[in-house]
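S.K.: Below: one structure in structure tokens.
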Amino acid sequence: MGTSLPPSAVLGWFDRNERDLPWRATGLSGWQILVSEIMLQQTPVSRVIGPWTEWVQRWPTPSAMATSSPADVLRAWGKLGYPRRALRLHECAKVLAADHNDRVPDDVTTMLTLPGIGDYTARAVACFAYGQSVPVVDTNVRRVIARAVHGRAEPGNASKRDLADAEALLPRSADGSYARSAPRYSAALMELGALVCTARNPRCDDCPVTSCTWVGLGRPAHTGPKKRVQKFTGTDRQVRGLLLDVLRDNHIPVDRARLDAVWTTDHGQRDRALDSLLTDGLVELTRDGRYCLAGDGDAG
């Protein structure tokens with residue numbers, strides 16, 4: 001399988017085309033890489049660069065964030081979306097400061113015990129922060145492997161096989177051990193999927209892979225269920241965002257009427273969105289019946 005994505009061709013392409021992203025700078029800590037990985041989940045790179053830069057300056061260590069309130073973290077998160085990520089990162093910072101000497105562990109097993117850290121994030125930090133030769137599989141990598149190795153236009157649902165496929169591709173030395181270039185190869189596959197082997201309109205003429213199975217088969221169309229395009233306008237996500245906007249702009253609890261005013265189209269949807277924010281721990285209800293971001297309750 002490895003011949004479908006030869007390390008020399010993929011790494012050579014990466015050497016010429018690697019994006020200059022701030023979290024790829026040398027000398028960064030595991031914490032700084034972890035922050036980037038959490039922010040990049042379901043969020044385009046262009047939207048993450050500014051917030052990430054501000055975050056690692058404001059909170060250069062887990063203990064720095066741990067001393068801040070959840071409300072401070074949620075305000076700094078702004079409009080990156082899926083704000084539960086910010087809350088979980090704050091919880092993770094407290095555990096790292098208290099139990100891990102203010103440092104992100106360098107092994108996948110320990111990282112998986114931390115709040116909000118899943119299999120992908122743990123492996124990405126181990127690979128990109130600590131140079132470990134572990135397979136790192138995101139949507140881009142799965143798509144590259146689906147096409148180049150399996151000849152499919154789309155990767156289908158995620159499965160444990162994805163890790164095995166990626167691990168089989170990692171470059172190895174003559175004795176069978178992982179080559180020193182293995183972590184960089186993982187980054188190169190991700191970049192290839194992000195820039196060339198894209199979901200729509202892949203730029204096959206610019207691809208360094210000359211033995212792509214999918215291209216060899218004539219680039220057959222995807223025959224499985226079509227991916228549902230996630231809309232935003234009119235969804236509970238939009239309503240949740242509007243409610244959070246009000247609370248981010250107010251450092252003291254607000255009356256229910258302030259929240260009711262942001263969405264009058266569907267009262268039931270508004271109530272459902274607010275209830276979900278309370279359930280997720282993003283919003284708190286004070287004793288006198290007002291609402292605030294988590295951690296802001298004492299302000300009122």
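S.K.: Give the residues of region 233-245 that are farther than 26 Å from ASP72 by Cβ and either open to solvent by 90 Å² or more (accessible area, probe 1.4 Å) or within 23 Å of the chain's Cα centre (by Cα) (or both), sorted by residue number. First the steps, then the outcome.
M.R.: Start the filter on region 233-245 by keeping residues that are farther than 26 Å from ASP72 by Cβ, which leaves 233-235.
Answer for region 233-245, where residues must be farther than 26 Å from ASP72 by Cβ and either open to solvent by 90 Å² or more (accessible area, probe 1.4 Å) or within 23 Å of the chain's Cα centre (by Cα) (or both): THR233, THR235.
S.K.: Let me ask something else. How many residues are crowded, with 21+ Cβ neighbours inside 10 Å and in a helix (DSSP H, G or I) if we restrict to region 107-140?
M.R.: So the answer is 9.
S.K.: Tally the residues that are open to solvent by less than 20 Å² (accessible area, probe 1.4 Å), in a helix (DSSP H, G or I) and closer than 20 Å to GLY30 by Cα, restricting the search to region 57-86.
M.R.: Residues that pass the stated criteria total 5.
S.K.: Please tell me if LEU89 is more than 20 Å from PHE128 (Cα to Cα) and open to solvent by less than 30 Å² (accessible area, probe 1.4 Å). Walk me through it before giving the result.
M.R.: Values: more than 20 Å from PHE128 (Cα to Cα): no; open to solvent by less than 30 Å² (accessible area, probe 1.4 Å): yes.
When the stated conditions are applied, LEU89 does not pass them.
S.K.: Step by step: first the residues of region 267-300, then only those that are among the small types (Gly, Ala, Ser) and part of a loop (DSSP other than H, G, I, E, B), then the one that is surrounded by the fewest Cβ atoms within 10 Å (Cβ to Cβ). Which residue is that? Can you show your working first?
M.R.: Pass one, region 267-300, residues among the small types (Gly, Ala, Ser): 268, 273, 276, 281, 289, 294-295, 297, 299-300.
Of the ones still in play, those that are also part of a loop (DSSP other than H, G, I, E, B) are 281, 289, 294-295, 300.
Values: GLY281: 14, GLY289: 9, ALA294: 21, GLY295: 18, GLY300: 16.
Per the criteria, the residue is GLY289.
S.K.: If I ask for residues that are closer than 28 Å to TYR291 by Cβ and under 16 Å from the mean Cα position of the chain (by Cα), which ones from region 47-73 would you list?
M.R.: Passing the criteria: ARG47, PRO51, TRP55.
S.K.: Taking region 10-22 as the search range and keeping residues that are open to solvent by less than 30 Å² (accessible area, probe 1.4 Å) and in contact (Cβ under 8 Å) with a residue 60 or more places away in the chain, which one is farthest from TYR82 (Cα to Cα)?
M.R.: Taking region 10-22 first, the residues open to solvent by less than 30 Å² (accessible area, probe 1.4 Å) are 10-14, 21.
Within this subset, residues satisfying the condition of being in contact (Cβ under 8 Å) with a residue 60 or more places away in the chain are 10-14.
Values: VAL10: 33, LEU11: 33, GLY12: 36, TRP13: 33, PHE14: 31 Å.
Looking at residues that are open to solvent by less than 30 Å² (accessible area, probe 1.4 Å) and in contact (Cβ under 8 Å) with a residue 60 or more places away in the chain, I get GLY12.
S.K.: Continuing with this model, one more query. Counting just the residues of region 24-41 that are closer than 27 Å to ALA168 by Cβ and open to solvent by 20 Å² or more (accessible area, probe 1.4 Å), which one comes out farthest from the chain's Cα centre (by Cα)?
M.R.: Step by step, filter region 24-41, then rank; the result is ARG24.
S.K.: Next up: How many of the residues making up region 246-266 are within 20 Å of PRO70 (Cβ to Cβ), in contact (Cβ under 8 Å) with a residue 24 or more places away in the chain and open to solvent by less than 80 Å² (accessible area, probe 1.4 Å)?
M.R.: So the count comes out to 6.
S.K.: Oh, and also: PRO155 - would you say it is in contact (Cβ under 8 Å) with a residue 40 or more places away in the chain and assigned to a loop (DSSP other than H, G, I, E, B)?
M.R.: Numbers: in contact (Cβ under 8 Å) with a residue 40 or more places away in the chain: no; assigned to a loop (DSSP other than H, G, I, E, B): yes.
Spelling it out, it is not the case that PRO155 is in contact (Cβ under 8 Å) with a residue 40 or more places away in the chain and assigned to a loop (DSSP other than H, G, I, E, B).
S.K.: Here's a follow-up. Could you please find all residues in region 232-245 being in contact (Cβ under 8 Å) with a residue 12 or more places away in the chain and β-branched (Val, Ile, Thr)?
M.R.: VAL239
S.K.: For region 158-199, enumerate the residues that are surrounded by fewer than 17 Cβ atoms within 10 Å (Cβ to Cβ), part of a loop (DSSP other than H, G, I, E, B) and in contact with a Phe, Trp or Tyr (Cβ under 9 Å, 6 or more places away or on another chain).
M.R.: ALA179
S.K.: Out of region 2-42, which residues are in contact with a Phe, Trp or Tyr (Cβ under 8 Å, 6 or more places away or on another chain), on the phi < 0 side of the Ramachandran plot and outside any helix (DSSP H, G or I)?
M.R.: Scanning region 2-42 gives a single hit, GLN41.
Conditions tested, residue by residue: (1) over 21 Å from LEU40 (Cβ atoms); (2) of a type in the set (Val, Ile, Thr).
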site: THR109; (1), (2): yes, yes
site: ARG123; (1), (2): no, no
site: ARG161; (1), (2): yes, no
site: ALA164; (1), (2): yes, no
site: SER177; (1), (2): yes, no
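S.K.: For ARG143, are the conditions met, namely being of a type in the set (Lys, Arg) and in a loop (DSSP other than H, G, I, E, B)?
M.R.: Numbers: of a type in the set (Lys, Arg): yes; in a loop (DSSP other than H, G, I, E, B): no.
Taking the combined requirement at face value, the residue does not satisfy it.
The values are calculated or read from the model by the stated rules, or taken from the named source; none is laboratory data. Quick caveat: nothing in here was measured; it's all calculated off a predicted structure. Methodologically, a virtual Cβ is constructed for each residue, glycine included, from the backbone with ideal geometry; neighbour enumeration extends over all protein chains shown. Please note that ligands, DNA and RNA were not included when accessible areas were found on the heavy atoms of the full protein model with its side chains. Shrake-Rupley method; radii C 1.70, N 1.55, O 1.52, S 1.80 Å.
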